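Structure, as structure tokens:
The values are calculated or read from the model by the stated rules, or taken from the named source; none is laboratory data. Quantities reported herein were computed from a predicted structural model and do not represent experimental measurements. FYI the Cβ positions are ideal-geometry reconstructions off the backbone, even for glycines, and counts take in every protein chain you see. Note: accessible area is taken over every heavy atom of the protein model, side chains too, but ligands, DNA and RNA are not part of it. Shrake-Rupley method; radii C 1.70, N 1.55, O 1.52, S 1.80 Å.
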Amino acid sequence: MKQGKCPKCGSEEIYAGVEVLPKSGPFGSNSIPISIVSIAALDNYVCKECGYLERYIAEPEKLEEIGKKWPKAGDVAHEEA
Ligand SMILES: [Zn+2]
């Protein structure tokens, strides 16, 4: 999607909200919690054809932080239903 092609419909009408300020919106929208004291703002990529949305963490430092603080997905124990 960052390369300008929609993974859902194949359109190249992709628009990147990377310059939109503020990066994180009111009440923490357009951001995700990393820890109780840290949130990461997101860059949005939208397909104008089908409306598909992808979000990426904007700051490399936040990715580093997640790498240190979060367990890897394969290591997370899943509850049996
Ligand atoms: Zn699309």
> Can you tell me how many residues in segment 5-33 are within 16 Å of residue 63 (Cα to Cα) and modelled with pLDDT of 95 or more?
Replying inline: 0
>> Can you tell me which residue is farthest from residue 16 (Cα to Cα) among those in segment 30-61 that are open to solvent by less than 40 Å² (accessible area, probe 1.4 Å) and more than 11 Å from the chain's Cα centre (by Cα)?
In response: 35
> In segment 62-81, which residue that is surrounded by 12 or more Cβ atoms within 10 Å (Cβ to Cβ) and farther than 20 Å from residue 17 by Cα is farthest from the ligand (Cβ to nearest atom)?
Replying inline: 65
> Taking strands (runs of 3 or more DSSP E) that do not extend beyond segment 15-65, which have at least 2 residues that are over 23 Å from residue 5 (Cβ atoms)?
Replying inline: 31-35, 38-47
